[in-house]
Amino acid sequence: MKLSPSFVMAAVAVVLQAGAAQAAMKTQWIDYKQGNTPLSGYLVYDDAVSGRRPGVLMIHDRSGFSEGTLADAQMIAKLGYVVFAEDIFGKGVVPKDVPEMTKLIGIYDNDRPLMRARALAGFEVLKSQPMVDPAKLVSVGYCFGGTTGIELIETGVPLLGFISVHGAFANFTPEAARNIKGRVLILHGAEDPVAPMDQVNAVISQFRAAKVDFELQLYSGAAHGFTHPQNPAEVRADEEYKVAMTRFFKDVLAR
């Protein structure tokens, strides 16, 4: 089939526009501190867009600033947001294996005031960015970041919404849920052995008692860490959580 010159030129224009959009994504590391601890977070946004935009505070999983964490930050930024992936572990601290990851997250799981302080420090960095609308802030936490994010919103920080993606929900202070100001979306694998359903039900009970505006989506056949899928059910969960995240952010930011 012979293509018309106008069709070819239109196709080329689409490709060039896509390339320009890709090139407009700007990334940079921002150094900051929590107390005396040096931290360094990852900022991603579309430099071609003018004006202030909603900001997303992303809280990393137990791998810290792994390639997957950076890729997720860029994926969310392409939805039209300024994303700041905050640093919980400390500048330059990237665990090399699972035992080191487990040891690191144990420090914060056992010191919830420190966990909250680290999360709040990153929130302040995001809010201060000149391209961010400070009245339109949301957050998403993966795995360990899901736990950290719940601790963050239970401080009463002014986030319009928070998403936990295969998070864990142990050892929260039940009455602290009363401080949550925004909506919460929990995206969870129904077969998660790290955060089983009794743990999920416990935090939901706390939310209900505190009249928190929340949603829960369970993915059958999915275990922990379904964003790195190991079976067909987790492939589906990985696809569907992105749809749910996109819809949730649009919804809460439009209110």
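The values are calculated or read from the model by the stated rules, or taken from the named source; none is laboratory data. Please read these numbers as outputs of a predicted model, since none were measured by experiment. Counting neighbours? That spans all protein chains shown, and the Cβs are built from the backbone with ideal geometry, glycine included. For accessibility, only protein heavy atoms count, side chains too; no ligands or nucleic acids. Shrake-Rupley method; radii C 1.70, N 1.55, O 1.52, S 1.80 Å.
Quick look at the numbers
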| quantity | calculated |
| --- | --- |
| Residue check for P99: closer than 14 Å to S63 by Cα and either surrounded by fewer than 18 Cβ atoms within 10 Å (Cβ to Cβ) or touching a helix residue (DSSP H, G or I) at 6+ places or on another chain (Cβ under 7 Å) (or both) | yes |
| Residue that is nearest to V184 (Cα to Cα), among those in region 102-118 that are open to solvent by less than 30 Å² (accessible area, probe 1.4 Å) and free of Cβ contacts under 8 Å to residues at least 40 places away in the same chain | M115 |
| Single condition A121 does not satisfy, out of (1) surrounded by fewer than 16 Cβ atoms within 10 Å (Cβ to Cβ); (2) in contact (Cβ under 8 Å) with a residue 60 or more places away in the chain; (3) on the phi < 0 side of the Ramachandran plot; (4) not acidic (D, E) | (1) |
| Subset of region 53-85 [assigned to a loop (DSSP other than H, G, I, E, B), charged (D, E, K, R) and under 21 Å from V157 (Cβ atoms)] | D61 |
| Residue match in region 86-97 (condition: free of Cβ contacts under 8 Å to residues at least 40 places away in the same chain and in a helix (DSSP H, G or I)) | no |
| Count of region 174-200 residues which are in a loop (DSSP other than H, G, I, E, B) and touching a residue at least 60 places away in the same chain (Cβ under 8 Å) | 1 |
| Near pairs, Cβ below 8 angstrom, 6+ apart or cross-chain, from region 230-243 (without any contact (Cβ under 8 Å) to a residue 24 or more places away in the chain and assigned to a helix (DSSP H, G or I)) to any residue that is of a type in the set (V, I, T) and open to solvent by less than 70 Å² (accessible area, probe 1.4 Å) | D238/T227 |
| Odd one out for T155 among (1) under 22 Å from V125 (Cα atoms); (2) in contact with a Gly (Cβ under 8 Å, 6 or more places away or on another chain); (3) surrounded by fewer than 22 Cβ atoms within 10 Å (Cβ to Cβ) | (2) |
| Residue in region 155-166 that is among the β-branched types (V, I, T) and touching a residue at least 40 places away in the same chain (Cβ under 8 Å) present | yes |
| Looking only at region 126-143, and only at residues there that are in a helix (DSSP H, G or I) and open to solvent by 10 Å² or more (accessible area, probe 1.4 Å), the one that is farthest from L187 (Cα to Cα) | S128 |
| Any hit, region 204-224, residues being touching a residue at least 60 places away in the same chain (Cβ under 8 Å) and either closer than 27 Å to T37 by Cβ or not aromatic (F, W, Y) (or both) | yes |
| Every residue from region 158-168 that is open to solvent by less than 10 Å² (accessible area, probe 1.4 Å) and within 20 Å of P196 (Cα to Cα) | I163, S164, V165, H166, G167 |
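Rundown of residues vs (1) acidic (D, E); (2) within 21 Å of A85 (Cα to Cα); (3) touching a helix residue (DSSP H, G or I) at 6+ places or on another chain (Cβ under 7 Å), yes/no style:
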| site | (1), (2), (3) |
| --- | --- |
| I105 | no, yes, yes |
| A121 | no, yes, no |
| L152 | no, yes, yes |
| L159 | no, yes, yes |
| G182 | no, yes, yes |
| A195 | no, no, no |
